[in-house]
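Report on the structure given below.
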Amino acid sequence: MKVRLKAEALVHGGEVLARHEGRVVFLRGAAPGDTVEAELTGEGRFERASALRILERGGARVDPPCTIVDRCGGCPVQHVAYPSQLAAKQELSADALERIGGFPRGSYELAPIVQSPLQFRYRRRARLHRAAGGSWGFAQRGVDRMEPVDECLLFEPRLQELANVARAAGALPGVTDLGLLAGEQKGAIDLRVEGGVTPGLRKRAEQLLEHRVVRGVTLGGTVLGDAVVADAPLPNGARLRARPDTFSQANRSMVPLLQRETGQALGDAVRVLELFCGSGTLTLPLLGEGRQVTGVESAGTSLELLRRSADEARLRVKLVAGDAAAVARSFADPLDAVLLDPPRTGAADAVRALVSLLPPLIVYVSCDAPTLARDGKMLAQAGYRLVKAVPLDLFPQTAHFEIVAMFNR
């Protein structure tokens, strides 16, 4: 049945809350304040639906510049004005910490969200998946198909150029998805394969290196050319490195702000254990000036990049390859602080392990407010107090954002 709905507020995942006859409806394609037409089944306590027509525009609605935004799942809130996106993410931070973590509003400092200097053209890395007809694109949530994407308005110009080069390479048989990583001048491409690498595919990968913007290609564990992209030096001389087959933050313009908030949260802590350190986005700025940092990471390639960056700048850091929880359980050195930056799934096992170390300060950097709140509740049960939370919008036009949270004993 088709019904008229009033869109209320953005919720986790980029949907908008609405209500119909006492039931909750999660709407896609609506902005807070919109009145829309949607088709409902009327089954269950709640349901998900898409806005079929905008009957009345709300104050938060803007016209999205992307022509395929309704079909591509990458920017679910592009039709929402950026100030409203920021306000929603600020509210979602407080909501998750209160509803899931049990941290009442006002019991800690919730800083104003740090906005991104760029709202479009900010992505330096992306992963494209195989779409129909051999094209490349993104998946829309809840839809079992890929939407071909020729141009993405979130891509930095250099990243868009890399995507064009990969698209022009032809079929690339056996490749399931493309990892793209842009540097300031050149970039690198990861070809993820299903099955073995054929001679024909290797030849096509080698041909990618002939393009002026491609410095390297990773192919089924093999490196062709030089696939490492190094950033400009930090104040301590260290250069952050990444490869297209390793994790790195996508929003280049927000990395210094994330590093700043993390450093301020750690304060003057000297002896720091960092879990999930990756290739050193948060580690490298901490090195020097007598700080003793131990970084823990299970991804060997990322750890190798971090070691290379630290050694080049002659900065001291102790690196441990292994599972974060296992290392935390066996860690015996004195500590002033623990820093952790886990994946979206959170760090429940690591949190259980590190509370036995009783560090006076825990700084938790999260890209998912609900899992941060869940793990924060465990910290509270172990005697820690949430002191401050700082949301940062590393992902404009999407439902994602980061939070830097400080817990003291």
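The values are calculated or read from the model by the stated rules, or taken from the named source; none is laboratory data. All values reported here derive from a predicted model rather than from experimental measurement. So basically every Cβ, Gly included, is an ideal-geometry build from the backbone, and we count neighbours across all protein chains shown. Each accessible area value is taken on the protein alone, full model and side chains, heavy atoms only, with ligands, DNA and RNA left out. Shrake-Rupley method; radii C 1.70, N 1.55, O 1.52, S 1.80 Å.
List, please: which pairs have Cβ atoms under 9 Å, are six or more places apart or on different chains, and start with a residue in segment 371-384 that is free of Cβ contacts under 8 Å to residues at least 24 places away in the same chain and end with one that is open to solvent by 20 Å² or more (accessible area, probe 1.4 Å) and aliphatic (A, V, I, L, M)? From segment 371-384, the pairs are GLN381/VAL355.
Residues of segment 372-409 that are acidic (Asp, Glu) and outside any strand (DSSP E or B): ASP375, ASP393. Among the residues making up segment 225-253, those that are open to solvent by 10 Å² or more (accessible area, probe 1.4 Å) and aliphatic (A, V, I, L, M) are VAL228, ALA230, ALA232, LEU234, LEU240.
For segment 96-137, the tally of residues that are open to solvent by 40 Å² or more (accessible area, probe 1.4 Å) and not in a loop (DSSP other than H, G, I, E, B) stands at 11. Taking each residue of segment 232-245 that is over 14 Å from ARG308 (Cα atoms) and touching a residue at least 24 places away in the same chain (Cβ under 8 Å) and looking for partners that are open to solvent by 40 Å² or more (accessible area, probe 1.4 Å) and acidic (Asp, Glu) with beta-carbon atoms closer than 7 Å, six or more apart or interchain, yields nothing. Taking the conditions (1) at positive phi; (2) open to solvent by less than 10 Å² (accessible area, probe 1.4 Å); (3) of a type in the set (D, E, K, R) in turn, GLU289 satisfies each one other than (2). Taking segment 329-360 as the range and being open to solvent by 30 Å² or more (accessible area, probe 1.4 Å) and either within 19 Å of SER279 (Cα to Cα) or of a type in the set (S, T, N, Q) (or both) as the test, the residues that pass are SER330, ASP341, PRO343, ARG344, THR345, SER356. In segment 189-218, the residues that are closer than 13 Å to GLY179 by Cα reach residues that are polar (S, T, N, Q) and open to solvent by 10 Å² or more (accessible area, probe 1.4 Å) with C-beta atoms within less than 8 angstrom, at least six apart or across chains, in these pairs: ARG192/THR176; VAL193/THR176. The criterion of at least 2 residues that are at positive phi is met by none of the strands (runs of 3 or more DSSP E) falling completely within segment 156-253. Selection of segment 1-48 for residues being open to solvent by 10 Å² or more (accessible area, probe 1.4 Å), under 25 Å from ALA96 (Cα atoms) and hydrophobic (A, V, I, L, M, F, W, C) yields ALA9, LEU10, VAL11, LEU17, VAL24, PHE26, PHE46.
Can we say ALA168 is free of Cβ contacts under 8 Å to residues at least 12 places away in the same chain, within 19 Å of GLU151 (Cα to Cα) and not polar (S, T, N, Q)? So ALA168 fits the description; yes. Within segment 330-352, the set of residues being over 20 Å from GLY376 (Cβ atoms) and either in a helix (DSSP H, G or I) or without any contact (Cβ under 8 Å) to a residue 60 or more places away in the chain (or both) comprises SER330, PHE331, ALA332.
Matching residues to (1) within 21 Å of the chain's Cα centre (by Cα); (2) in contact (Cβ under 8 Å) with a residue 40 or more places away in the chain; (3) under 24 Å from ALA7 (Cα atoms):
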position	(1), (2), (3)
PRO65	no, yes, yes
TYR108	no, yes, no
ARG124	yes, yes, no
SER135	no, no, no
PRO148	no, no, no
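So in segment 235-260, with the set limited to residues that are basic (Lys, Arg) and in contact with a Ser or Thr (Cβ under 7 Å, 6 or more places away or on another chain), which one is farthest from GLU274 (Cα to Cα)?
Applying the filter and picking the extreme gives ARG243.
Within segment 354-374, restricting attention to residues that are modelled with pLDDT of 95 or more and out of contact with any strand residue (DSSP E or B) (no Cβ under 7 Å at 6 or more places or on another chain), the residue that is nearest to CYS152 (Cα to Cα) is ASP368. Of all residues in segment 211-223, those satisfying the criterion of being modelled with pLDDT of 95 or more and surrounded by fewer than 19 Cβ atoms within 10 Å (Cβ to Cβ) are HIS211, ARG212, VAL213, VAL223. Just so you know, in segment 51-94 the residues that are assigned to a helix (DSSP H, G or I) and in contact with a helix residue (DSSP H, G or I) (Cβ under 8 Å, 6 or more places away or on another chain) include one that is surrounded by the most Cβ atoms within 10 Å (Cβ to Cβ), and it is SER93. The conditions of being within 21 Å of PHE103 (Cα to Cα), among the β-branched types (Val, Ile, Thr), open to solvent by less than 10 Å² (accessible area, probe 1.4 Å) and touching a Phe, Trp or Tyr at 6+ places or on another chain (Cβ under 8 Å) are not met by VAL296. Applying the criterion of being charged (D, E, K, R) and open to solvent by less than 20 Å² (accessible area, probe 1.4 Å) to the residues of segment 361-409, the residue that is farthest from the chain's Cα centre (by Cα) is ASP375.
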